[in-house]
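Chemist: Here it is: the structure, laid out below.
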């Protein structure tokens with residue numbers, strides 16, 4: 001009887017040891033892990049599908065467990081913003097003229113948000129408080145604009161003007177390819193239908209999606225307009 005008890009104790013101890021050195025019984029949470037799960041949830045379920053309860057279910061924990069690592073929904077979204085911003089390179093503002101750097105930054109910014117389009121509506125209107133890595137990215141951008149000669153009071157308006165265009169372009173990049181197809185109504189809007197076909201033909205010839213053509217045209221116009229605005233300021 002004693003031998004059987006000792007064997008059972010040894011088996012129990014071995015089982016506990018395996019649990020300690022193997023995979024944890026519960027997921028290991030951190031602010032970063034929660035944010036990455038939140039971004040995946042937003043990608044899968046959209047902005048309307050994001051909630052603390054849905055996030056906790058995805059992580060396999062109780063909602064109350066999340067609050068040991070984050071203060072709430074806005075804190076999670078601030079961390080999500082940081083993850084998206086990590087893909088946006090702004091280092092070129094330290095070495096390139098402001099206008100060249102702005103073009104490169106715009107391309108990277110669009111690509112980063114095009115990878116997570118449902119996040120745009122959540123992050124575009126959320127205060128940037130708590131997103132330190134994003135703030136550091138902006139610090140590089142505004143520093144480059146200031147060194148390029150932009151007056152201090154104009155730096156944020158310039159950046160936001162470009163940023164607004166970028167976010168719209170990110171949505172355009174993931175829009176359905178037949179967004180402007182008039183279908184059976186084409187005969188009633190012949191000029192419009194013809195220009196859509198011409199745009200599609202040009203995109204096919206270039207080997208790029210139509211959204212790229214729109215982005216390049218718009219970005220070039222914005223940057224050229226900004227150059228002229230700065231020059232006029234003397």
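The values are calculated or read from the model by the stated rules, or taken from the named source; none is laboratory data. Just so it is clear, the model here is predicted, and its values are computed rather than measured. Heads up, the Cβs are rebuilt from the backbone with ideal geometry, glycines too, and the neighbour counts pull from every protein chain shown.
Chemist: Have a look at 25, 13, 38, 54 and point out the one that is in a helix (DSSP H, G or I), modelled with pLDDT under 95 and not assigned by the TED database to the domain that holds residue 135.
Modeler: Values: 25 fails: in a helix (DSSP H, G or I); 38 fails: modelled with pLDDT under 95; 54 fails: modelled with pLDDT under 95.
Within the list 25, 13, 38, 54, the selection yields 13.
Chemist: Would you be able to tell me the number of residues in the stretch 57-98 that are in a loop (DSSP other than H, G, I, E, B), more than 11 Å from the chain's Cα centre (by Cα) and either free of Cβ contacts under 8 Å to residues at least 12 places away in the same chain or surrounded by fewer than 18 Cβ atoms within 10 Å (Cβ to Cβ) (or both)? If you could, list the steps in order and put the result at the bottom.
Modeler: Our first condition is that a residue be in a loop (DSSP other than H, G, I, E, B); within the stretch 57-98, this holds for 60-62, 67-72, 86-90, 95-97.
When the remaining residues are screened for being more than 11 Å from the chain's Cα centre (by Cα), the result is 60-62, 67-72, 89-90, 95-97.
Next, only the ones that are either free of Cβ contacts under 8 Å to residues at least 12 places away in the same chain or surrounded by fewer than 18 Cβ atoms within 10 Å (Cβ to Cβ) (or both) stay: 60-62, 67-69, 71-72, 89, 95-97.
Of the residues in the stretch 57-98, 12 are in a loop (DSSP other than H, G, I, E, B), more than 11 Å from the chain's Cα centre (by Cα) and either free of Cβ contacts under 8 Å to residues at least 12 places away in the same chain or surrounded by fewer than 18 Cβ atoms within 10 Å (Cβ to Cβ) (or both).
Chemist: Could you check, for the stretch 198-206, whether at least one of its residues is in a helix (DSSP H, G or I), in contact (Cβ under 8 Å) with a residue 40 or more places away in the chain, surrounded by 14 or more Cβ atoms within 10 Å (Cβ to Cβ) and assigned by the TED database to the domain that holds residue 110? Let's see the steps before the verdict.
Modeler: Pass one, the stretch 198-206, residues in a helix (DSSP H, G or I): 198-206.
In the following step, the residues that additionally are in contact (Cβ under 8 Å) with a residue 40 or more places away in the chain were identified as none.
No - not one qualifying residue is present in the stretch 198-206.
Chemist: I need a count of the residues in the stretch 139-153 that are part of a helix (DSSP H, G or I) and touching a residue at least 40 places away in the same chain (Cβ under 8 Å).
Modeler: To start, the set of residues in the stretch 139-153 that are part of a helix (DSSP H, G or I) comprises 139-147, 152-153.
Retained after the next criterion (residues that are touching a residue at least 40 places away in the same chain (Cβ under 8 Å)): 140-141, 143-145, 147.
So the count comes out to 6.
Chemist: Residue check, residue 162 against (1) exposed (fewer than 15 other Cβ atoms within 10 Å of the Cβ); (2) modelled with pLDDT of 95 or more, all met but one. Which one?
Modeler: Failing condition for residue 162: (1).
Chemist: Step by step: first the residues of the stretch 99-135, then only those that are assigned to a loop (DSSP other than H, G, I, E, B) and crowded, with 18+ Cβ neighbours inside 10 Å, then the one that is farthest from the chain's Cα centre (by Cα). Which residue is that?
Modeler: Taking the stretch 99-135 as the starting set, the residues that turn out to be assigned to a loop (DSSP other than H, G, I, E, B) are 115-117, 124-131.
Retained after the next criterion (residues that are crowded, with 18+ Cβ neighbours inside 10 Å): 116-117, 130-131.
Working: 116: 5, 117: 7, 130: 16, 131: 13 Å.
In this case the residue turns out to be 130.
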